[in-house]
Each structure stands twice: as structure tokens, then as C-alpha cells.
1. Quick one: would you say residue 211 is within 12 Å of the ligand (Cβ to nearest atom), at pLDDT below 90 and among the hydroxyl-bearing types (Ser, Thr, Tyr)?
2. Restricting to the range 333-389, and then to whatever is modelled with pLDDT of 90 or more and of a type in the set (Lys, Arg), can you tell me which residue is nearest to the ligand (Cβ to nearest atom)?
3. Just need a number here: residues in the range 307-332 that are modelled with pLDDT of 50 or more and crowded, with 16+ Cβ neighbours inside 10 Å.
4. Test residue 88 against the criterion of being over 30 Å from residue 277 (Cβ atoms) and among the small types (Gly, Ala, Ser), and give yes or no.
5. Let me spell it out: the conditions are (1) free of Cβ contacts under 8 Å to residues at least 40 places away in the same chain; (2) polar (S, T, N, Q); (3) assigned to a strand (DSSP E or B), and residue 184 meets all of them except one. Which number is the exception?
6. Answer yes or no as to whether residue 233 is closer than 26 Å to residue 347 by Cβ and either in a strand (DSSP E or B) or without any contact (Cβ under 8 Å) to a residue 12 or more places away in the chain (or both).
7. Write out, first by first residue and then by second, each pair whose Cβ atoms fall under 6 Å of each other, whose residues are 6+ apart or on separate chains, and whose first residue, in the range 487-508, is under 11 Å from residue 435 (Cα atoms) while the second is in a helix (DSSP H, G or I) and modelled with pLDDT of 55 or more.
8. From the set of residues in the range 214-246 that are within 17 Å of residue 290 (Cβ to Cβ) and within 15 Å of the ligand (Cβ to nearest atom), which is surrounded by the fewest Cβ atoms within 10 Å (Cβ to Cβ)?
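The values are calculated or read from the model by the stated rules, or taken from the named source; none is laboratory data. All of these numbers come straight from a predicted model, not from anything done at the bench. No Cβ is skipped: glycine too gets one built from the backbone with ideal geometry, and neighbour counts run over all protein chains shown.
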Amino acid sequence: MDQVKQVHDREVAQVRFQYSEQVAGLEASQAGLQRELQGLQEDLRLTEESLRLQRDENTQLKGTIAQQSTTYEVLEGTCQALRRQLSSTEDTLAQREARIADLEVQLAASHDLTADLEARLRDEETTRRRLHNTIQELKGNIRVFCRVRPILPSDGLATADGAPASDSMPHIRYPEPNEIEIIQTTESASSGKTTAKAIPFSFDRVFPPRTDQLAVFEEIAQLVQSALDGYPVCIFAYGQTGSGKTHTMEGPDHPTEATMGMIPRAVRQIYAGAEALKAKGWVYTMEGQFLEIYNEAIHDLLVESPASSAGGNGTSPSGGVSTRKHEIRHITASKTIVTDATSVVMDSSDQVHTLLKRASKNRAVAATNCNERSSRSHSVFTLRLTGRNSASDEVSEGVLNLIDLAGSERLSQSGSTGDRLKETQAINKSLSCLGDVIYAIANRDSHVPYRNSKLTYLLQNSLGGNSKTLMFVNMSPLANNLQETLCSLRFATKVNSCHIGTARRNLK
Ligand SMILES: Nc1ncnc2c1ncn2[C@@H]1O[C@H](COP(=O)(O)OP(=O)(O)OP(=O)(O)O)[C@@H](O)[C@H]1O
């Protein structure tokens, strides 16, 4: 029995052992399964996370797609509008091309018309120049204008209450715009009675005092035009010291628009004229020169620094004016040069003021060495005008000389001695030479004494058959200048009676 029990115990123990082994196996397998489950759960979580991200991305992509579809629709709309616009632009372009073709035809016709009009304009300019010249010739190639200066405060003729003296002087009358009468009173030695005699003079124009610079210039503007048209022109101012020659030619020291003289006005008109002629194919170059003739020697008034050029063999006590020796050379029948003289190419009309200032500065320096230099020398402002017309191949060479002559006082009246006597003799000689040259030209003498004075020799090509000449006889209104005034008026009358031949235009 015990044996059976032992057998059973052994069997139970064996079953127990087997059972515990099975349990251990099962527990190990359960732990394995547990780990596998955890791994699977982690995979599941990761997969779910990835799925969520994919869903988000999907949602975003759907949004982007929706947005892009909207953009696409907008762009499609724009594109359609642009296509319509393109098509309409193409229509417009086609219309414009047709219009351009039409305009090109019209332009070609206009070119022909313009060329035709330009040719007519050139012909008309030639005709205008010819007619202008005919008018000038009818007026006479030598003209004389008489200008009476107003009474100045410095004349000391103010009335008792201090008011300026009236310009109407009893010994001067102006019966007509071209006449002037000087009333000369003489006292009979026997009876003591005074008799008044009117001495009449007539000129091309008489300008009473207070005639302004513009009114005077208007009378000479046509001659200035002639210089632009290719003629040599000389405008002189003749008269005794203080009669208004420099005022007429240059104007006062500080000129205004109203008071500037003939030189700046002439230059301004020439610039305006040259500008207008551009439309007719003319292109002008202008060169200015300003010389002084003092005691029969030529001085350059435009020299930059007189001191630096004073190396020449000086011929006069010229102070600030260059002492270089200048010679006159006639290169052709229409061209005269003065050796070593400053020539300024003038490219603006304002430049003339600088030139006049430079000249007056040079003269002023000289005047400290030689009293009243400007009264005792001739100044010659020369403007050479060269015009070229490329369309018609014409070249025109005009010269405008504006000459402020030395004071014309007579030797007997001036009471000069020494250097002053020498100056007065030189002035008288050159002024009478000027008269002689004008008479000889008028008389058609075979010999014209140009060489007798530096002034006439310098102006040889600008005086004579080929030229136009105007003389201002400037006079003082004062009674105590009466004798000088009569002399000036008589000289001017002789000049006025001259008829200089037909002007020939310098055209190449
Ligand atoms: N028409 C005028 N209107 C106003 N002032 C004038 C006129 N003419 C001359 N004068 C004045 O008279 C004075 C003398 O004139 P100006 O110097 O021009 O004489 P001039 O004949 O050139 O003398 P000179 O021979 O000494 O050079 C100057 O003060 C000038 O301003």
C-alpha cells in the first residue's frame, strides 16, 4: 500500500513538476507575447501618427489645390482679357501701320514742299538783299545824320530856381526832321545894331536833344543789316570834344537797356539777324577788333595785358595801351588786316559789353599818361561777318566799322602848344584826309589819297564804291560852342553832298 502510495506520490510529484514546467513555459510564452503586443502597439501608434500627419498634409494639399484652382481661374480670366486686349492692340497696330504708311506718303510730299519752300526762301532772301541794297542806294551810299546832345548839368546852365536848363536853345531851330538852322547874331560895328541870320543845314536826319538811343539806332539799323548781307559799312561819329560821339557810339559807362549805344545795339541786331538767317541756310561767324589811332600810330584796345605786350618799339606815350607796332595790310580788295591786333571771335552778343569795358579800361590807363586821351584819338570798332550758305554754296563777307573820331576842334581855337599841338595837328590831318578821301571818291578821282592818314588807309576797303557810309555829326547845343558847331556842320554838309558809287556786295 505504501508502495502504491509512493508510486502515486512520485507520479503526483512528476505531474506537479510537469505542470510547473508547463506553467513556466506558458509564462515565458506569455511574456514573449506581451512584448510582441507592446511592439505592435508602438507600431500602431507610429502608424497612427504618420496617418495623422498624412491627413494634415492631405488637408493642406487640398487647401493649396483649392487656392491654385482659384488662382488658375483668375489667371485664366486675365489671360482671356489679355487675349482680347492683344487682339484689339493688333487691330490698332494694323490701323496705325496703315496711318504711318499714309503719313509717310504725306511726309515725302511735305519734304518736297519744304525743299521747294526753302529754295524759294533762299531766292527771296537774295531778292530781299538786292531790294534792301537798292533802297540803301536810293537813300545814298553816304548819309549824314546830325545829332544835338542835350544840355547837361555840367554845362552849368541851370535856371535860377535850380531846374535843369531847357533843351530849346534860341540859336538852334529844327524846322523839319532833316533840317537844322543856326541863328547867328552879329553886331554892326557902326550902328551897334544886332542882326540875326539863320544859317540852314539839311541832312538825311536831324536828331534834336532828347532823341533816345533807340530812335537813333532805328535809323541806322538798315545799314547794319547791309553788313550782314555782305557789304562793307562805315559809321563815323564826327564832332568837337564833348559833343556826344562816344555816347552815340558806345553809350554811357554804365549803360542800361535804354542808354546803350550804337555798337552794342548793332552787335545785338547782327546776332538776331544771323539767328533768323539760319532758317535760310546761312551760318555766320563774327570777329571783333577794337583799335585806336593816336598820333598816327595804331594801338590795340583789346590787348589782354598791355604791360606784358609792351616789348615792341613803342611810338607814343601810350601808358596802358599796348606799344606793339601794328601794320595795316590789304590782303584782297575786300580784306584788310592789322598785324598783331587782337581779334575776338564773338559767339554771344553780350560779349560786346566785355570788349567795350576792356577797351575803355585800356584807354583809361593810357589817359593817366596823356590827358583826355579818348578825345584826342580815333577809335575803330570792326566787326567782320562771314556768312556761309551750304545749300546755295554762297559765302558773304561783310564788315561793320563803327568809328568814334577824335574831337574836331580847330587849331586856332584850341590854343595848343607842345605835345597837345602835335596831337591837334595829327587829328586835323587825319580828319581832313578823311574829307579828302570822301571828296575824291565822290569826284571819281583816279587817285584817292587813302595813304595820307592811318585812319583812311585802315578803312580803304570799307570806304569807296563798294561801301556804305554814315556820318553822325554830333554837336553841342551851347552858344559858346557855336563856331565849332558851324565848322562841324559845314564839314558834314560837304560829306553829305558826296555821292559814293554803287555798293558791290562781297559774295563769293
Ligand atoms: N544824347 C545824349 N544824351 C545824354 N547825355 C549825352 C548825350 N550825348 C552826350 N551826352 C553826355 O555828354 C557828355 C559828353 O559826351 P561824349 O563823351 O559822348 O562826347 P564826345 O564827343 O565823345 O567827347 P570826346 O571827344 O571827349 O570823346 C557825356 O557826359 C555824355 O554822357
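1. No: the conditions fail for residue 211.
2. Among them, the one singled out is 384.
3. 7
4. On the way: over 30 Å from residue 277 (Cβ atoms): yes; among the small types (Gly, Ala, Ser): yes.
In short, yes.
5. (1)
6. Details: closer than 26 Å to residue 347 by Cβ: yes; either in a strand (DSSP E or B) or without any contact (Cβ under 8 Å) to a residue 12 or more places away in the chain (or both): yes.
So residue 233 passes the test.
7. 495/438; 498/438; 498/442
8. Filtering first and then ranking leaves 246.
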